[in-house]
Amino acid sequence: MKRCSLIAVGAVFMAFSHLASATQADDTTITIRGHTAGATPFISKLTLNVSNTSVLKSIQFAIDPKPGSVTRPLSGTYSSDYLVSRGFENPPEIILPVYGLYDRYRNIVRLTYRFQDGSSKEAVTSVTTAAFDDPCGYDNPIVVKPRTNDTDLSYDYIMLKGDCSYFEPAIIDTDGALRWVGTANIAAGNIIFFDNAVYLGRGHLLTRIELDGAFTEIGDYSALGVVNFHHNIDRGKVGIILDASTTTYFESTLIEVDVSGRVLKQWNMANIISAAMIAGGDDPSRFVYPAPTDWFHLNGCTYNRADDSLIVSSRENFLICLDYQTNAIKWILGDPTKKWHQFPSLRKFALSVAPGSLPPIGQHAPSITYDQNLLILDNGQKSIFQSPPGDQRDYASPRKYSLDLTANTATEIWNFPMNERVHCPFCGSAYEDAPKNYLIDYALENPNGQNGFAHLLGLNAASETIFSYRYPTTSCGKIYRAIPIHLE
């Protein structure tokens with residue numbers, strides 16, 4: 001009897017064990033009913049039927065790279081709450097936007113469904129897309145060096161700012177394939193990728209574009225006197241910082257806003273510099289001018305969390321660092337043969353350049369690197385308005401500086417001068433993604449020759465060229481700025 005009893009108990013235990021092993025993934029049926037084209041061929045919307053949406057935690061999609069590519073699959077994850085908030089989840093149906101598809105291609109899309117109990121399951125579908133007529137030629141670069149098989153490059157996707165179409169901005173991968181374009185019908189805006197969306201400023205308006213193609217105008221800054229946003233949008237302390245021209249001053253105002261477009265802080269460089277010059281006994285009217293004079297030519301900034309400061313790039317003059325809270329000038333780095341250095345009130349903030357180093361001239365795209373150094377694209381172009389205009393170098397190079405603020409010196413610790421043969425006097429950018437992984441954009445290479453090109457160059461940590469692409473252009477607007485972004 002005891003033996004039979006044990007067998008019975010064992011059978012009951014096995015039954016309960018089997019029931020306990022059932023998961024929400026097992027119990028939920030998800031069917032892919034089809035897909036519809038999105039706003040562009042790079043976007044598609046899958047239609048799913050889900051037997052119980054309440055147990056669904058998230059859905060991830062991943063797009064297989066083309067054969068031979070070593071790029072990581074472009075991927076996105078939607079939480080169930082997000083799908084509900086956007087109106088994509090209406091039980092039992094879910095609309096799942098998939099972005100970053102190759103155009104004119106049968107894309108393999110892999111889905112991962114994750115559930116509240118930690119279980120998951122996968123599915124595979126295909127999406128065949130139409131061709132995209134690219135007016136900018138981003139999908140057809142001159143391949144100087146194709147993407148190598150090196151997998152050490154830290155980034156696989158690049159956002160491009162241009163003015164060659166109303167599909168701005170654009171995203172390409174490091175194979176040179178076009179993977180996404182803007183949907184807000186805006187050209188010649190300044191852009192950033194922030195909070196999983198594209199922010200684009202043009203005129204006195206700020207627009208947010210979701211990667212699924214939806215867009216919303218989130219800010220109108222005409223009440224602040226803004227007449228045009230220009231050059232860059234950069235990351236700030238809390239939100240993003242826009243470069244603005246106002247009715248009072250041309251290209252010398254910065255405005256930080258949060259993700260919803262609410263104004264957080266403003267910097268009027270004319271007022272800040274004028275106050276410092278007056279305090280130092282100089283006459284600011286000899287250096288600072290009202291609109292429409294381009295006395296400053298703001299073209300970008302970077303926030304340094306290490307010392308709570310803002311570094312602002314003035315193409316006409318210098319790099320200038322401000323205390324974020326007080327707006328006090330902390331230091332200035334630039335060519336001492338330019339006009340600014342003639343004023344004692346500004347000269348007292350100057351960092352000296354260490355022997356063997358070069359000061360930045362006409363620089364663009366300041367940023368703080370992983371090792372707390374300062375990176376810029378040094379265009380080598382003298383001042384256009386201010387006189388004396390300073391030195392002129394007929395080649396461009398990214399330069400990284402180590403700053404010793406105790407000794408007030410800047411030491412150049414890295415550059416990539418390409419044998420001093422790339423003439424790119426205006427525009428462009430250089431950014432470090434992971435340590436020593438760089439993306440360089442010569443926005444208008446060799447403009448005085450017979451042919452002009454925008455030139456994108458990717459370098460890994462060993463300073464090896466991983467890809468090199470050229471795009472024919474007659475102005476620096478084709479690819480004014482290129483930013484590494486992460487969509488994998």
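The values are calculated or read from the model by the stated rules, or taken from the named source; none is laboratory data. Because the structure is predicted, anything quoted here is derived from the model rather than measured. So basically every Cβ, Gly included, is an ideal-geometry build from the backbone, and we count neighbours across all protein chains shown. Accessible surface is based on the protein model in full, side chains and every heavy atom, while ligands, DNA and RNA are left aside. Shrake-Rupley method; radii C 1.70, N 1.55, O 1.52, S 1.80 Å.
State the dimensionless ratio Rg/Rh of the chain (Rg: radius of gyration of Cα atoms; Rh: Kirkwood radius).
Using only Cα positions, Rg/Rh for the chain is 1.08.
State the antiparallel share, in %, of DSSP beta bridges confined to the chain, rounding to the nearest 5.
95
Note the angle between two axes, namely the Cα long axis of helix 2-21 and the longest principal axis of the Cα atoms of the chain, as a number of degrees from 0 to 90, rounded to the nearest 10.
Compared with the principal axis, the helix lies near 40 degrees.
What is the list of residues in segment 167-204 whose amide nitrogen lies under 15 Å from a point 7 angstrom out from the Cα of Thr247, following Cα to Cβ?
204
In square nanometres and to one decimal, what's the mean projected area of the convex hull around the Cα atoms of segment 410-488?
One quarter of the hull surface, i.e. the mean projection, equals 6.2 nm².
Would you mind computing, in nm to one decimal, how far apart the modelled labels at Asn415 and Asp394 are, each placed 7 Å from Cα along Cα→Cβ?
Output for this residue pair reads 1.7 nm.
Could you work out Rg/(2.2 N^0.38 Å) for segment 212-271, with Rg from alpha carbons only? Please report the intermediate quantities before stating the final value.
Details: Rg = 11.7 Å, N = 60, 2.2 N^0.38 = 10.4 Å.
So the Cα radius of gyration is 1.12 times the expected 2.2 N^0.38 Å.
Excluding residues fewer than 8 places away in the same chain, name every one of the lysines whose C-alpha is closer than 26 Å to that of Lys265.
Those lysines meeting the cut-off are Lys161, Lys237, Lys330.
Run the dipole for the chain about the Cα centre, Lys and Arg Cβ at +1, Asp and Glu Cβ at -1, nothing else charged, and hand back the magnitude in debye, nearest 20.
It comes to approximately 480 debye.
Per residue, how much accessible area does the chain have with a 1.4 Å probe, in Å²? Before the final figure, lay out each step's value.
Values: 20080 Å² over 488 residues.
Each residue of the chain exposes 41 Å² on average to a 1.4 Å probe.
Work out how much length Thr406 to Arg262 would gain on full extension: take 0.36 nm times their residue separation and subtract the Cα-Cα distance, in nm to one decimal.
My answer for the length gained is 48.1 nm.
Which listed residue (Tyr155, Ser58, Thr406) has the Cα farthest towards the positive end of the charge dipole for the chain, taking +1 on Lys and Arg C-beta and -1 on Asp and Glu C-beta about the Cα centre?
Ser58
For Asp152 and Asn90 in the same chain, what is the full-extension length gain: residue separation times 0.36 nm, less their Cα-Cα distance, in nm?
Full extension from Asp152 to Asn90 adds 18.1 nm.
At most 16 other Cβ atoms within 10 Å and a DSSP loop assignment: could you name the trypsin sites (Lys or Arg not before Pro) in segment 373-479 that fit?
Values: sites: Lys382, Arg393, Arg399, Lys400, Arg421, Lys436, Arg470, Lys478; in loops: Lys382, Arg393, Arg421, Lys436, Lys478.
Those satisfying the criteria are Arg421.
In nanometres, what is the gap between the two model label sites at Ile384 and Lys121, each 7 Å from Cα along Cα-to-Cβ?
Between Ile384 and Lys121, the simple spin-label model gives 6.1 nm.
Percent of Cα-Cα pairs more than 24 Å apart in segment 216-334, please. Let's see the in-between values first.
Numbers: 1515 of 7021 pairs.
More than 24 Å apart: 22 percent of the Cα pairs in segment 216-334.
Mind pulling the angle between the C-alpha long axis of helix 269-279 and the longest principal axis of the chain? Nearest 10 degrees, somewhere in 0 to 90.
40
What does the charge count near Glu420 come to, summing +1 for each Lys or Arg and -1 for each Asp or Glu among other residues with Cβ under 10 Å from its Cβ? Spell out each step's value before the answer.
Values: positive: Arg393, Arg421; negative: Asp394.
With Lys, Arg at +1 and Asp, Glu at -1, the neighbours total +1.
Be a star and scan segment 85-119 for residues whose amide nitrogen sits under 17 Å from the point 7 Å along the Cα-to-Cβ vector of Thr31.
Hits in segment 85-119 for Thr31 at 17 Å: 90-96.
Determine the calculated [θ] at 222 nm for the chain from helices alone, applying -39500 (n - 2.57) to every DSSP H run no shorter than 4 residues and normalising by the residue count; nearest 500 deg cm²/dmol.
About -2500 deg cm²/dmol.
Rounded to the nearest 0.05, what FRET efficiency do Thr23 and Ala306 give with R0 = 51 Å and r taken as the Cβ-Cβ distance? Could you check?
Working: r = 46 Å, r/R0 = 0.91.
Once rounded, the FRET efficiency stands at 0.65.
What does the net charge come to around Gly87 if you take all other residues with beta carbon closer than 13 Å to its beta carbon, with K and R at +1 and D and E at -1?
-3
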